[in-house]
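Each remark here refers to the structure printed beneath this line.
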Amino acid sequence: MTKNSRITDLSLKNPVCLAEITSPHGIRGAVKVKTFTEYSEDVFDYPTLRDQAGHLYKLNLFAPKHNDLLVVTIDGVSSRDDAESLRGTKLYVDRSELPETDDNEFYYEDLVGLNVIDQSGEDIGTVLAVQNYGAGDFFDIKTPESEIYTLPFTQEAVPQVDIKAKKIIINKEYLLGGK
C-alpha cells in the first residue's frame with residue numbers, strides 16, 4: 001500500500017513528523033514504530049499525534065524498545081490486517097506543540113532549507129533533508145547545479161549551525177558522493 005505523503009489536515013499549519021509506523025507486530029494489532037524524538041518514549045508525550053489526513057492516533061506501549069523501534073498498540077487497531085494497513089503511516093504534531101529549544105539547540109526540521117557554506121565562505125548549497133539510516137545522522141545537500149551530496153552530521157564535518165543566520169558551516173572534505 002502506497003501512502004500519500006501530502007498533508008491534507010489543515011490543522012497542521014507547520015507539521016513535524018515524530019514517528020512512522022513501520023510494520024505489524026504479532027496478530028493482535030500491535031505495530032512497530034520508528035520515532036524521531038530524542039528518546040523514543042518521548043513520543044508518548046504528544047496526545048495529538050495524527051496522520052497526514054488528520055486522523056488521531058493514541059499510542060500505548062506494548063513492549064519495551066527493540067532495535068530502536070517501539071512496539072505499541074493503537075486504540076481501535078485490533079488485528080494484523082488493521083496493523084498492516086497502517087504500514088508507512090507517518091505521525092505528526094504541529095510545530096507549536098513542541099517544546100521551545102535552548103540556545104544552540106534545534107530541531108532537525110529547522111535545518112532543512114538552511115544555506116550550506118564551507119569554512120572558506122564558498123556557497124555549497126542548501127540542506128534538502130536530514131536522514132538517519134542507523135549509522136548516525138546525515139544531511140542531504142543540494143548544490144546550485146542540482147547535485148545531491150551527503151554529509152555526516154558530526155562536529156568535524158559540521159562545526160557550526162547558525163539557525164538565526166539560516167546557515168551551516170561545513171568542512172567540505174566530508175562531503176560524500178554526488179547524485
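Worth a mention:
- Springs between Cα atoms under 10 Å define the GNM used for the chain, and in it the highest mean-square fluctuation of GLU122, GLU20, GLU109 occurs at GLU122.
- Structural descriptor for the chain: relative contact order 18 percent, calculated from alpha carbon pairs under 8 angstrom and at least 6 residues apart.
- The accessible area of ASP103, taken with all protein chains in place and a 1.4 Å probe, comes to roughly 130 Å².
- In the structure shown, the pairs LYS32/LYS58; LYS34/LYS167; LYS34/LYS58; LYS13/LYS90 are assessed against 23 Å; a Cα-Cα span above that value is assigned to LYS34/LYS167.
- Taken per residue, the accessible surface of the chain reaches 60 Å², heavy atoms only and a 1.4 Å probe.
- Within a straight-line Cα-Cα reach of under 17 Å, LYS142 can be paired with the following aspartates and glutamates, leaving aside sequence neighbours fewer than 8 residues apart in one chain: GLU109, ASP110, ASP118, GLU122, ASP123, GLU173.
- Label-point gap, in nm, between TYR133 and SER120 - each point 7 angstrom along Cα→Cβ: 2.9
- Accessible area of ILE163 in the full protein assembly, 1.4 Å probe (Å², nearest 10): 60
- When the convex hull of its Cα atoms is projected in every direction, mean area for the chain (nm²): 11.5
- In the range 72-149, the portion of solvent-accessible area held by carbon and sulfur atoms comes to 43 percent [1.4 Å probe, whole percent, DNA, RNA and ligands not counted].
The values are calculated or read from the model by the stated rules, or taken from the named source; none is laboratory data. Computed from a predicted model, the values in this text were never measured in an experiment. Note: ideal-geometry Cβ built from the backbone for every residue, glycine included; neighbour counts use all protein chains shown. When the accessible area is computed, the model is the full protein with side chains, heavy atoms only, and any ligands, DNA or RNA have been set aside. Shrake-Rupley method; radii C 1.70, N 1.55, O 1.52, S 1.80 Å.
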